[in-house]
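Participant: Would you mind keeping the following structure in view while I ask a few things?
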Amino acid sequence: MSHTDPEILALRALGETAGTARDAQHAEGCAQCRSELARLTEVVQLARREGSDERLETPPARAWDGIAAAVGGNPASAAAVAATIPTGNGASAPAPRQGRKHRGPRRSRPRGRLTTALAGLAAGLIIGIGGTAGVVQLTKAPAIRVVAQIELRPLPQFAQFQDTTGTALMRAAAAQQLMTVTLHAPRRPGFYEVWLLARDGVSMISLGDLNAAQTGTFIIPPGTDLRNYSRIDVSLQPFNGSTQHSKTSVVRGLLPTAALAG
Amino acid sequence: MSHSSDEDVAAALGGGQPDALALVYQRFGALVYSIALRSLGARSDAEDVTQQVFVSAWRSRDSFDRRRGTLGGWLVTITRNKVADALRERQREGRVLLQAAGGTAVTAPEAPPDQVIDRIVLADELAQLPESQRLVVVLAFYSDLTHEQIARMLGLPLGTVKSHIRRGLQRLRSRLEADGVTH
């Protein structure tokens, strides 16, 4: 008999009732499938364990200097070595950019697709989206908790945006932080892009683009120092291939200090 | 810059290449520091331990055997040892202070439970998942959404979401088995 589909085992590890009764029966009787299910279930339980948020932090830059000095100038010289939290995008994150620095041609970023329609989360409707009758919620996961809800307001120097408002909802789930931004603005030529601006007013991190419904949910790059990158900015970007901030800020908001602790 | 795979980094260290330690530090500095910080609480202590771990890793790089384990797992072991040293040192200092003050009781230093370390390893691997996979896995872990609801919300095909969940979970599992401490 063939083994249970690994995708079904993964879903069952998450607590979903996936697969047929035959799948369930097989998974119980088969040592190999049972052991695979147990392996995956342990991961899920570890991730969902309540209590403390084990998060990744980068050591201060000076930590490397001490290491380089101690090993006697053998490895790369002190400058330009920093521990980073790698991301799956093949680049180091966070990747703050200088406002004036050219960032290369805008490619269709994979995250663009993911920013679609997370409005349900924005409204806090975590449970029961759509008419999913028959789907039993077996998952007892610690809900993603709301860290802060921030009003986004127009800047006085942009008269054309004075009627525009927005909200940013920051949520945390274990070591991950999510930012959902919703804009209440008319469609305009171009597209809206969400940024985190640093205190120096120059460095910035692009979180991604808003979708046609003018909302988007983004993962804040792990390790981002939100005490520094504390300003949320939504820009109106022309379709000109530039990946730089257009310097046209539609709305802005400041992360409250409560969101920055931790 | 595209980041090197863990195997590449391990090979560079094994070969004693001059910039190998920098690569190792870039890849694993956050992991080591985070474990130390969570174990010791104080940032300055965590920084000290982080430095000790990488200096020690460089000096004993010949003892690292890629056939017997991963570089990440090796570094986690060194980190735990250095954390234990730091806690013993704290206890010793505490005893000296207490004796000076005429006290006697000294509570034993507490190393963090293994699960804490495993959760940091998990966070480290989660951070490395491709972004779309990571968002799906995070939602599957921490929201009450089923994979069907996640697919609908993200506008992704159901098959893609299921595949992200399976690959994501299996990758996290493999990393935990390689670098974690409870398995």
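The values are calculated or read from the model by the stated rules, or taken from the named source; none is laboratory data. Every value quoted in this text rests on a predicted model; they were computed, and no experiment measured them. Here the Cβ is made from the backbone with ideal geometry for all residues, glycine too, and neighbour counts use every protein chain on show.
Participant: Taking the options B:98, B:126, name whichever one is at pLDDT 80 or above and either among the hydrophobic types (A, V, I, L, M, F, W, C) or in the same structural domain as residue B:162 (by TED's automatic domain parsing) (or both).
Facilitator: Selected residue: B:126, the only one of B:98, B:126 that is at pLDDT 80 or above and either among the hydrophobic types (A, V, I, L, M, F, W, C) or in the same structural domain as residue B:162 (by TED's automatic domain parsing) (or both).
Participant: If I ask for residues that are surrounded by fewer than 19 Cβ atoms within 10 Å (Cβ to Cβ), facing chain B (nearest Cβ under 10 Å) and at pLDDT 60 or above, which ones from region A:128-162 would you list?
Facilitator: A:145
Participant: Just to confirm my filter: which helices (runs of 4 or more DSSP H) fall fully inside region A:1-116 and include at least 1 residues that are modelled with pLDDT of 80 or more and more than 8 Å from every other protein chain (Cβ to nearest Cβ)?
Facilitator: Here the list reads A:6-13, A:21-29, A:31-48, A:62-70.
Participant: What is the residue count in region B:132-144 for residues that are at the interface with another protein chain (Cβ under 7 Å from one of its Cβ atoms) and under 17 Å from residue A:15 (Cα atoms)?
Facilitator: The total comes to 6.
Participant: Please find, within region A:145-173, the residue that is farthest from the chain's Cα centre (by Cα) out of those that are free of Cβ contacts under 8 Å to residues at least 40 places away in the same chain and within 27 Å of residue A:219 (Cβ to Cβ).
Facilitator: It comes out as A:149.
Participant: Quick check on my filter: what residues within region A:27-38 are touching a His at 6+ places or on another chain (Cβ under 9 Å), under 17 Å from residue B:166 (Cβ atoms) and surrounded by 15 or more Cβ atoms within 10 Å (Cβ to Cβ)?
Facilitator: The answer is A:27, A:33, A:36.
Participant: Give the residue that is nearest to residue B:39 (Cα to Cα), with candidates limited to residues of region B:55-97 that are within 14 Å of chain A (Cβ to nearest Cβ) and of a type in the set (Val, Ile, Thr).
Facilitator: This residue is B:79.
Participant: Let me ask another. Go through region B:153-167 residue by residue and tally those that are facing chain A (nearest Cβ under 8 Å) and either over 17 Å from residue A:180 (Cα atoms) or not in a helix (DSSP H, G or I) (or both).
Facilitator: Here the count works out to 6.
Participant: Restricted to region B:168-183, and to residues that are at the interface with chain A (Cβ under 9 Å from one of its Cβ atoms) and of a type in the set (A, V, I, L, M, F, W, C), which residue is farthest from the chain's Cα centre (by Cα)?
Facilitator: For region B:168-183, the residue satisfying everything is B:169.
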